[in-house]
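Please read the structure below before turning to the comments.
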Amino acid sequence: YLDFVHGDAARGEAALSQLSQIYRRNPQTLIQLATFAGDGGDYSQATELLKSALKLSPLTTETALKTTKRWDSVSAEDILEEDPLTWRAASVFILREEKDNEQLLRKCLAGLQCELCESNAEKSSCQIQAAELAYELKDFEQALKNYGSAVELSPDDREWRLKYINRLKESGRRDEARLQAQRGRRMFPQDARFDNFIKEMAKEDLGPVDPE
């Protein structure tokens, strides 16, 4: 599976082993070597190389997860381990590409370990990730708690507040949604979305107007 090996599987495996040692500190190269291994049918070595890349750099998580899509014999769960940084990096990909995999969603939610975050920025970002996963799992009460925590930790993030407002409304908690929208309007008077949301809710509360 390497051009210079000319189809010799044993030499190819040995070459990959040697290269993985030479480039053991280079996560991007390890992912490329994993691609060679997996494309050649050596899924065990591909898995280990991808795991090694993730240990070196959680920032390579999405690239590594995309690589697993090349083969049926390696899954996202095979390469994701216990590191919460990796699970946090994986959450966006999992929500986009694996949202029907309930088991993986639950593992990702448990793996985030938001309580280990240090800065408020890390905590709020993790809470949003947890909220999105919980919402996908239809645990709406937990999702709303996570959204609320994220907004409390980062009150100046208008996008997260808007997401929280819409999730509250979708869950039938209209009074809370209106209250959050009013807070958003006071905090961000230049952003018309909060005022528009309040006006739209007022129209919905009035119901349809009978024609004269």
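One line per residue, one yes/no per condition, for (1) buried (at least 19 other Cβ atoms within 10 Å of the Cβ); (2) in contact (Cβ under 8 Å) with a residue 12 or more places away in the chain:
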{"residue": "15", "(1), (2)": "no, yes"}
{"residue": "18", "(1), (2)": "no, no"}
{"residue": "22", "(1), (2)": "no, no"}
{"residue": "27", "(1), (2)": "yes, yes"}
{"residue": "32", "(1), (2)": "no, no"}
{"residue": "35", "(1), (2)": "no, yes"}
{"residue": "39", "(1), (2)": "no, yes"}
{"residue": "42", "(1), (2)": "yes, yes"}
{"residue": "45", "(1), (2)": "yes, yes"}
- Task: Tell me which residues, restricted to the stretch 125-134, are surrounded by 22 or more Cβ atoms within 10 Å (Cβ to Cβ) and either among the small types (Gly, Ala, Ser) or closer than 18 Å to residue 83 by Cα (or both).
- Result: 126, 127, 129, 130, 131, 133
- State all residues of the stretch 56-115 that are buried (at least 21 other Cβ atoms within 10 Å of the Cβ) and without any contact (Cβ under 8 Å) to a residue 12 or more places away in the chain; if no residue qualifies, say none. none
- Within the stretch 185-212, how many residues turn out to be open to solvent by 70 Å² or more (accessible area, probe 1.4 Å) and either in contact with a Lys or Arg (Cβ under 7 Å, 6 or more places away or on another chain) or assigned to a helix (DSSP H, G or I) (or both)? 11
- Item | Tally, over the stretch 153-165, of residues that are in contact (Cβ under 8 Å) with a residue 12 or more places away in the chain and either assigned to a helix (DSSP H, G or I) or open to solvent by 70 Å² or more (accessible area, probe 1.4 Å) (or both) | 9
- Elements of type helices (runs of 4 or more DSSP H) in the stretch 61-101, at least 3 residues being under 10 Å from the mean Cα position of the chain (by Cα) and among the aliphatic types (A, V, I, L, M): 84-97
- Give me a count of the residues in the stretch 57-91 that are in contact with a Pro (Cβ under 9 Å, 6 or more places away or on another chain), over 19 Å from residue 130 (Cβ atoms) and polar (S, T, N, Q). 3
- Please verify whether the stretch 166-184 includes one or more residues that are assigned to a loop (DSSP other than H, G, I, E, B) and either open to solvent by 90 Å² or more (accessible area, probe 1.4 Å) or in contact with a Lys or Arg (Cβ under 8 Å, 6 or more places away or on another chain) (or both). no
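The values are calculated or read from the model by the stated rules, or taken from the named source; none is laboratory data. Here the structure is a predicted model, which means the values were calculated and not measured. Cβ coordinates were reconstructed from backbone atoms using ideal geometry, including for glycine residues, and neighbour counts include every protein chain displayed. Ligands, DNA and RNA are excluded from the accessible area calculation, which covers all protein heavy atoms including side chains. Shrake-Rupley method; radii C 1.70, N 1.55, O 1.52, S 1.80 Å.
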